[in-house]
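Accompanying notes for the structure given below.
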Amino acid sequence: MKILIINCGSSSIKYKLFKVKKKHKEEVLDSGLVEHIGEKDSLIKDHYTGLKTILERIEEKVDAVGHRVVHGGEEFKEPVIINRRIIMAIKKYCRFAPLHNPANLAGILAIKKLLPRVKQVAVFDTAFHQSIPEYAYIYGLPYHYYKKYGIRRYGFHGTSHNYVTEEASRRLKRPLDKLRLITCHLGNGCSICAVKYGKSIDTSMGFTPLEGLIMGTRCGDIDPALVTYIMQQESLGTEEIEEILNKESGLKGISGISNDMRLLLNQTEKGNLRAKLAIEVFVYRIKKYISAYIGILGGVDAVVFTAGIGQNQPEIVNMVCADLFSYLKKKPKILVIPTNEELMICRQTYALLKGRGNV
Ligand code: ADP
């Protein structure tokens, strides 16, 4: 069975084509990227044209398509086969993920036209975190905002946390229902997850991906009163303050140099104190979250590092882990596992279609 995995962003589409022989026996046949969608002077004017180009490029008969969809609200705890009702629901959650869900939806609608007979599956970034208990996802705000607007912690990077969780269990040769894990996805966006017996019980990103760790350009946790204070001091509107918190903060904001950890490590070696400080703040925040999650998990068997920084920068992993576990009787294993969200989406698409007798 050939499964095409699609990750539609607002101006790009990433794809990977898998041949699946049986469960966990996958081979990558092709992969690539279409960029500059909808940009001035671009030949790719929309997602439909982008996906048409991809289908022409791969020259293979596609049996199913799996889509990354960022937000599935509280409705989607599992992957689903896409039909009209699902399309309406994804549309509904565009208000929670205005930068992502519209692009994901555009990809689904384009495939519906291009490959009308092919089954499509949506795999949601939020789904893995739907096991988080109520006391961990409710904010200390008037409760009716939860009822009226759906304001709660959702969490993101779920497919990545899910993938490295399964991979950790495989590498440790221990079943998921015996493992307490802390998974750290450290890329440009960063999030951390407490996984108890295979289920997410807490995660650092919240209603949006802004909460939690210090990221490339996002601020992570701050005193919420700072938002209005800075707006008043600098006479800023809502769009401007959102831009600052999302695009001008984090590693970039503290260092004043870059959001790229490679550059910050390099500058630190050359004696740049702001680059050093940015790294120290980044590392300290991760340590705080890991320590809190050890507490709620009642111990930890392994801490997993993944994504750009987690996979490629052992200096950062070492700084995070130094002295962190000294008080524990049994030290956790430290694992570096490359994430593979496309493979996870492929596995979930295959499992769902097989379970429904579509394979
Ligand atoms: P995104 O969240 O955009 O997918 P990545 O997972 O690529 O981002 O992570 C970006 C971060 O990872 C940057 O801070 C960068 O310095 C670091 N990084 C990415 N690739 C490498 C690499 N090959 N070697 C060292 N650092 C890397």
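Read-outs: derived from the displayed coordinates by stated rules, not from any lab. For clarity, every value in this text was computed on a predicted model and none was experimentally measured. Every residue, glycine among them, receives a Cβ derived from its backbone with ideal geometry; neighbour counts consider all protein chains shown.
Key figures
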read-out: Mean projected area (nm²) of the alpha-carbon convex hull when region 249-292 is viewed from all directions; value: 2.9
read-out: Stokes-Einstein D (µm²/s) once Rh is taken as the Kirkwood radius of region 109-241 over alpha-carbon pairs, at 20 °C in 1.002 mPa s; value: 125
read-out: Whole-number D in µm² s⁻¹ for region 1-136, Kirkwood Cα-pair radius fed into Stokes-Einstein, 4 °C, 1.567 mPa s; value: 84
read-out: Fraction of the pair-distance distribution of the chain above 36 Å, Cα-Cα pairs, percent; value: 23
read-out: In Hz, Karplus ³J(HN,Hα) per residue of region 85-93 (6.51, -1.76, 1.60; θ = phi - 60°; x = Gly, Pro); value: 5, 5, 4, 4, 5, 4, 4, 4, 7
read-out: Cα-based Lys pair tally, region 9-77, threshold under 22 Å, eight or more apart or on separate chains; value: 18
read-out: Amide H partners (placed H, <5 Å) of residue 202, local residues excluded; value: 194
read-out: Loop-resident sites, region 1-76, for GluC sites (Glu not before Pro), counting at most 14 other Cβ within 10 Å (DSSP); value: 35, 39, 59, 60, 74
read-out: Antiparallel %, DSSP beta bridges [both residues in the chain], to 5; value: 60
read-out: In sequence order, calculated HN-Hα J values of region 64-73 (Karplus, 6.51, -1.76, 1.60; Hz; x Gly/Pro); value: 7, 10, x, 10, 7, 10, 5, 10, x, x
read-out: Vicinal HN-Hα couplings computed from phi for region 113-123 (Karplus, 6.51 cos²θ - 1.76 cosθ + 1.60; Hz; Gly/Pro x); value: 7, 6, 10, x, 8, 8, 6, 10, 10, 9, 10
read-out: Directionally averaged shadow of region 16-79, computed from the convex hull of its alpha-carbon atoms, nm²; value: 6.1
read-out: Amide H within-cut-off set for residue 124, under 5 Å, with H built and near neighbours excluded; value: 69
read-out: Estimated Rh, region 216-324: Kirkwood, alpha-carbon pairs, angstrom; value: 15.5
read-out: Anchor residue 287: lysines whose Cα lies under 26 Å away (excluding residues fewer than 8 positions away in-chain); value: 178, 196, 199, 247, 252, 270, 276, 329, 330, 331, 333
read-out: Spin-label proximity, residue 74 to region 120-144 - amide N less than 20 Å from point 7 Å beyond Cα toward beta carbon; value: 124-144
read-out: Value of [θ]222 nm, deg cm²/dmol, for the chain, DSSP H segments ≥ 4, -39500 (n - 2.57) each, nearest 500; value: -12500 deg cm²/dmol
read-out: Cβ crowding within 10 Å averaged over residues, with 235-246, 281-292 ranked highest first; value: 281-292, 235-246
read-out: Residues whose placed amide H lies under 5 Å from that of residue 38, excluding near-sequence neighbours; value: 44, 45, 46
